[in-house]
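Enquirer: Could you have a look at this structure, given as structure tokens, before my questions?
The values are calculated or read from the model by the stated rules, or taken from the named source; none is laboratory data. Note that this is a predicted model, so its numbers are computed, not measured. Methodologically, a virtual Cβ is constructed for each residue, glycine included, from the backbone with ideal geometry; neighbour enumeration extends over all protein chains shown. With ligands, DNA and RNA removed, areas are computed over all heavy atoms of the protein, side chains included. Shrake-Rupley method; radii C 1.70, N 1.55, O 1.52, S 1.80 Å.
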Amino acid sequence: MTLTRPIHIVVDGDACPVKKEIAETARAFHVPVLLVSSYDHLLREEEGIQIIQVDRSDQSADLYIANHIARGDIVVTQDYGLAALALSKSCQVLSFRGRIFSDQDIDFLLDSRHHQAKARKAGHYGKGPRKMMDEDRRIFQHKLTKLLQKLQENDRL
């Protein structure tokens, strides 16, 4: 008999602007949340949310997440490298703005990130991401809700 653990929502929490939306949606579906962040961020535990704090060194949160996610988990991150690792472990991956990453687009995104880094080294800087708006938060929460509904309909929750 194989025991499987329940699906978790695992959040790259250092710069996550949708923590409140994740908590609300996860509670509605009774899905546990693992919020991973460095010690530099003060986070409060809430019902259904476990906080894991890691050291502040580069990539600590990403490495913790990569080592603790399992098939079927939902990973919330803006980091394309972490998204690629999560996809390789058969996780669902969602950006802070509600974009669902897939195996079909992650190579392109990683390649774009590489070219942007090369341009920055050469002194060419872009504008950066636009400011997070209330509409972005609504879109994220809607996409997360639809993803959880789909999993619930397929008896995976």
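Enquirer: Considering the stretch 10-42 alone, what residues qualify as being touching a Leu at 6+ places or on another chain (Cβ under 7 Å) and either under 15 Å from Leu157 (Cβ atoms) or in a strand (DSSP E or B) (or both)?
Expert: Scanning the stretch 10-42 gives Val10, Val11, Asp12, Thr25, Phe29, Val31, Leu35, Ser37.
Enquirer: Can you name the number of the only condition in (1) in contact with a strand residue (DSSP E or B) (Cβ under 9 Å, 6 or more places away or on another chain); (2) under 22 Å from Ser102 (Cα atoms); (3) surrounded by 15 or more Cβ atoms within 10 Å (Cβ to Cβ) that Ser37 fails?
Expert: With respect to (1) in contact with a strand residue (DSSP E or B) (Cβ under 9 Å, 6 or more places away or on another chain); (2) under 22 Å from Ser102 (Cα atoms); (3) surrounded by 15 or more Cβ atoms within 10 Å (Cβ to Cβ), Ser37 is out only on (2).
Enquirer: When the stretch 107-145 is examined, which residues are found to be over 29 Å from Arg27 (Cα atoms), surrounded by 11 or more Cβ atoms within 10 Å (Cβ to Cβ) and modelled with pLDDT of 70 or more?
Expert: Residue satisfying the conditions is Ser112 alone.
Enquirer: Provide a single number: the residues in the stretch 74-90 that are surrounded by 20 or more Cβ atoms within 10 Å (Cβ to Cβ) and either touching a Lys or Arg at 6+ places or on another chain (Cβ under 8 Å) or over 22 Å from Asp105 (Cα atoms) (or both).
Expert: Number of matching residues: 1.
Enquirer: Exactly one condition in (1) over 20 Å from Gln92 (Cα atoms); (2) hydrophobic (A, V, I, L, M, F, W, C); (3) part of a loop (DSSP other than H, G, I, E, B) is false for Ile7; which is it?
Expert: (1)
Enquirer: Can you name every residue in the stretch 43-54 that is in a loop (DSSP other than H, G, I, E, B), open to solvent by 80 Å² or more (accessible area, probe 1.4 Å) and in contact (Cβ under 8 Å) with a residue 12 or more places away in the chain? Break it down into steps so the answer makes sense when it comes.
Expert: Quick first cut of the stretch 43-54, residues in a loop (DSSP other than H, G, I, E, B) only: 43-45, 47-48.
Filter once more, so that each one left must be open to solvent by 80 Å² or more (accessible area, probe 1.4 Å): 44-45, 47.
The one that is in a loop (DSSP other than H, G, I, E, B), open to solvent by 80 Å² or more (accessible area, probe 1.4 Å) and in contact (Cβ under 8 Å) with a residue 12 or more places away in the chain: Glu47.
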